[in-house]
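Here the structure comes first, spelled out in structure tokens, and everything after it is commentary.
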Amino acid sequence: MPSASARYQTVDWYDLPRYYDIVNEQGTKEEASFLEALHELHGTKRKSPRRVLEPACGTGRLMREFARRGWDVEGTDLNEHMVAYTKRRQERANLPGTVALGDMAHVTSAKRFDLAHVLVSTWHYLLDEKSARSNLESVAACLRKGGLYVIGLHLCDYTIEQTGRERWVGVRGGTKVVWNINSWPADVKRRTERLRSRLVIEEKGETKRYETEWDFRTYDARQLRRLLRSVPALELVACYDFMYDIEESRELDDSQSDIVLVLKKR
Ligand SMILES: C[S@@+](CC[C@H](N)C(=O)[O-])C[C@H]1O[C@@H](n2cnc3c(N)ncnc32)[C@H](O)[C@@H]1O
């Protein structure tokens, strides 16, 4: 008998952009509205076109939403399949925007932006302090004065043996994607946590199973504050949680895991 895990094919699940997009599409409009509200409240008002930059843009779901709202959009991603998918979707929808291969540890652009964002814990892929600082500094260099950099991440409680589990389901046409994510307690010394994504896809009468494991860098509030202090080009102006409620700000402390940082270019 094969073990349960043997039925899962090991892949980099970002090589399968359509499945990522199906399961992550939900919530895109709310996230874009929240980012627009942050720009309204904390950003610097300018005449259009407003410009938004998304390092690690994935399938470009937020780029398409911002382009529909009249923003000038630019994105980069490390994965060529993601970049190709984003390009294809933009062209098919006849939406403007630029997407290219790029590492979010070293963000560059010829343009200057009003807003940059990295949501859904993607920023944890920056696995050491040097690349995280380089991300902050290089994004800051791409912002106009008063522009915002918004980062959504989760804080780690090192005092408990924390495991996590999430399950998301997305359906598009004849394809159903079930996405299970597990996380394991942090390695306190290395400041990493292990995550596993399992996809179960039902399509054309077939069931496919894919598995991906990776590490995220961990932060508690103190570690995050120390890193932010080392980048004087950005000022922390507000924090929120993943409810994306503009009326409900929070502190940068360890009271709760999910946090959205709003950083402003000095
Ligand atoms: C969870 S997805 C987020 C995609 C998109 N930002 C969104 O909100 O849907 C993470 C993305 O980060 C990309 N990625 C991971 N490390 C990266 C890096 N160092 N530079 C650029 N992209 C990276 C992956 O290829 C993947 O497309």
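The values are calculated or read from the model by the stated rules, or taken from the named source; none is laboratory data. Note that the structure is a prediction, hence the values are computed from the model and not measured. Methodologically, a virtual Cβ is constructed for each residue, glycine included, from the backbone with ideal geometry; neighbour enumeration extends over all protein chains shown.
Descriptive notes on the structure:
- Condition check for residue 82: surrounded by 22 or more Cβ atoms within 10 Å (Cβ to Cβ), within 17 Å of the chain's Cα centre (by Cα) and part of a helix (DSSP H, G or I): yes
- Count of the range 72-94 residues which are more than 15 Å from the ligand (Cβ to nearest atom) and under 15 Å from residue 35 (Cα atoms): 1
- Residues that are crowded, with 22+ Cβ neighbours inside 10 Å, under 29 Å from residue 168 (Cα atoms) and within 15 Å of the ligand (Cβ to nearest atom) do occur in the range 98-110.
- Tally of residues being in a loop (DSSP other than H, G, I, E, B), of a type outside the set (A, V, I, L, M, F, W, C) and either within 11 Å of the ligand (Cβ to nearest atom) or not assigned by TED's automatic domain parsing to the domain that holds residue 136 (or both) across the range 40-61: 3
- Hits in the range 111-167 (condition: surrounded by fewer than 16 Cβ atoms within 10 Å (Cβ to Cβ), part of a strand (DSSP E or B) and either within 16 Å of the ligand (Cβ to nearest atom) or among the charged types (D, E, K, R) (or both)): 145, 164, 165, 166, 167
- Tally, over the range 34-58, of residues that are among the acidic types (Asp, Glu), surrounded by fewer than 23 Cβ atoms within 10 Å (Cβ to Cβ) and touching a residue at least 12 places away in the same chain (Cβ under 8 Å): 1
- Flag if residue 76 is within 19 Å of the chain's Cα centre (by Cα) and β-branched (Val, Ile, Thr): yes
- Residue ID - farthest from residue 14 (Cα to Cα), chosen from residues in the range 62-73 that are part of a helix (DSSP H, G or I) and over 13 Å from the mean Cα position of the chain (by Cα): 68
- Condition check for residue 25: within 12 Å of the ligand (Cβ to nearest atom), touching a strand residue (DSSP E or B) at 6+ places or on another chain (Cβ under 9 Å) and among the acidic types (Asp, Glu): yes
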